[in-house]
Amino acid sequence: MKDFIKIQEPRECCGCGACVNVCPRDAISMKEDRAGFIYPEVDETLCVKCGKCAEVCVFTEKLRGANGEPSVYAAATADKSVLMESSSGGIFTELANAVLDKGGAVFGAAWTDDLAAAHICVEDNAELKKLRGSKYVQSSTGDTFRQVKELLKEGRYVCYSGTPCQIAGLKAFIGEDCDLLLTADVICHGVPSTKMLRDDLSYVSGGKVSQISDIRFRDKSFGWGTNGSFLADGSKIKYNSGCSPYYFYFLKGEVYRESCYNCRFPGEGRQGDITLGDYWGVRQELISGMGSVDPDMGISCVLVNTEKGKKWLESVEGRLAITPSDRKTAEKRNGQLTRPSVPLPEHETLLNGYIEKGYTAFTDGYKKHFKDHVIRTVKNMIPSKTKRRINEFIEKIKG
């Protein structure tokens, strides 16, 4: 047994924070490396070498996810206001509301005042808006795993949403499955660092970082897609890959932490009781099976991985437009269900350049992709309905 957790290579740590939460002496804290990615640092003057941090590490020992084939659905909430505020179909909000209605608590990623993402606990339905929407950056879990354990001891229901590695870390920390705990993992491509995001927001806003609020990577006032926005000094600024090097490289998969390219979870079964993501490329036959839903406002891909997850989804079905699908169809436009992201040749150059020169490495490289920006801008101008018809036509041609 190791005395304490020792990260030899960046690819060996996902930054889930399980080691921080399990330490009985609070001897571990998460520290940023030069690129802004967080890793555990042990204060050896406090450490008693109990080895708990090494034992709970989800990257130390191979884990198994849910067994068997998941049930797959295309779904969207019937609540139009929730749908507009959600990145895809708003299913997380409906599940969270169900937990809160039972006197439970809900955990998810929220924006902090200093433009970072951190997991928080919500115990009021009105506060769920903080947890809605995609945060394309790594969220700090802080001491939320400990909070979950205490709430479960009190006999309260808990819903915890996060990336697959965060859910795996939580489950390793809890140590056993609990009927009161509902976990929801997201279909994750990978996470850049908070430092990168802050640098980008400064670049896009012209240095007005202190005035930025209400960051939305996915703003549905522009339709269901990858157009976002933020407020700067009260004015709404469009935020997408056409103006943001960070967003551009995020969509290309170039700026994730090293463990994301080494992610084991796609191949080892889903970690959450339920998996949530966008149902990109949703077919017309699925849409027609969902009644009067507007597909251009977002549809969720829902994988039900456990009996517990099945019971919770059934409890909210009356609030949803939902129809059965299958894993093969869902995987066509969600490759992260089967494999981790692959680092492209530019990744290492970008990362090393960022460490050595700062954000100019992003902006310099970004300018070289003028053709890509034009193509993506044109694509973003095409209505979702037209894109869907084009994709369906292409699928028919392929046979």
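The values are calculated or read from the model by the stated rules, or taken from the named source; none is laboratory data. Keep in mind that this is a model prediction, so the values were computed, not measured. Virtual Cβ from ideal backbone geometry, glycine too; neighbours counted across all protein chains shown.
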- Item | Number of the exception - residue 269 against (1) in a loop (DSSP other than H, G, I, E, B); (2) modelled with pLDDT of 95 or more | (2)
- Task: Could you run through the range 12-39 and say how many residues are without any contact (Cβ under 8 Å) to a residue 12 or more places away in the chain and acidic (Asp, Glu)?
- Result: 0
- Message: Given the condition within 21 Å of residue 311 (Cα to Cα) and either within 19 Å of the chain's Cα centre (by Cα) or surrounded by 20 or more Cβ atoms within 10 Å (Cβ to Cβ) (or both), answer yes or no: does some residue in the range 117-133 qualify?
- Response: no
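Listed here are the residues, each with its yes/no results for (1) outside any loop (DSSP other than H, G, I, E, B); (2) at pLDDT below 95; (3) farther than 25 Å from residue 181 by Cα.
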residue: 301; (1), (2), (3): yes, no, no
residue: 312; (1), (2), (3): yes, no, no
residue: 329; (1), (2), (3): yes, yes, yes
residue: 356; (1), (2), (3): yes, no, yes
residue: 363; (1), (2), (3): yes, no, yes
- Note on the structure: Reported set for the range 250-279 where residues are of a type outside the set (A, V, I, L, M), touching a Lys or Arg at 6+ places or on another chain (Cβ under 9 Å) and more than 25 Å from residue 159 (Cα to Cα) is 257, 258, 259, 261, 262
- When every residue in the range 216-263 that is within 16 Å of the chain's Cα centre (by Cα) and small (Gly, Ala, Ser) is compared, the one nearest to residue 112 (Cα to Cα) is 228
- Note on the structure: By residue number, the members of the range 295-346 that are over 14 Å from residue 274 (Cβ atoms), without any contact (Cβ under 8 Å) to a residue 12 or more places away in the chain and among the charged types (D, E, K, R) are 328, 331
- Note on the structure: How many residues of the range 313-327 are touching a helix residue (DSSP H, G or I) at 6+ places or on another chain (Cβ under 7 Å) and buried (at least 21 other Cβ atoms within 10 Å of the Cβ)? The answer is 2
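Condition check ((1) touching a Phe, Trp or Tyr at 6+ places or on another chain (Cβ under 7 Å); (2) under 12 Å from residue 158 (Cβ atoms)) across all residues:
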site: 105; (1), (2): no, yes
site: 108; (1), (2): no, yes
site: 112; (1), (2): no, no
site: 125; (1), (2): no, no
site: 129; (1), (2): no, no
site: 134; (1), (2): yes, no
site: 144; (1), (2): yes, yes
- Item | Given (1) exposed (fewer than 13 other Cβ atoms within 10 Å of the Cβ); (2) assigned to a helix (DSSP H, G or I), index of the condition residue 339 fails | (2)
- Note on the structure: Counting only residues that are within 16 Å of residue 223 (Cβ to Cβ), outside any loop (DSSP other than H, G, I, E, B) and modelled with pLDDT of 95 or more, the range 277-294 contains a total of 1
- In the range 221-246, the residues that are among the hydroxyl-bearing types (Ser, Thr, Tyr) and either surrounded by fewer than 23 Cβ atoms within 10 Å (Cβ to Cβ) or in contact with a helix residue (DSSP H, G or I) (Cβ under 6 Å, 6 or more places away or on another chain) (or both): 221, 226, 229, 235, 241, 244, 246
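Right, residue 371: surrounded by fewer than 16 Cβ atoms within 10 Å (Cβ to Cβ), over 19 Å from the mean Cα position of the chain (by Cα) and in a helix (DSSP H, G or I) or not? Write out each step before concluding.
Values: surrounded by fewer than 16 Cβ atoms within 10 Å (Cβ to Cβ): yes; over 19 Å from the mean Cα position of the chain (by Cα): yes; in a helix (DSSP H, G or I): yes.
Answer is yes for this residue.
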- Query: Which residues, taken from the range 171-210, are modelled with pLDDT of 95 or more, among the acidic types (Asp, Glu) and either at positive phi or not in a strand (DSSP E or B) (or both)?
  - Reply: 179, 199, 200
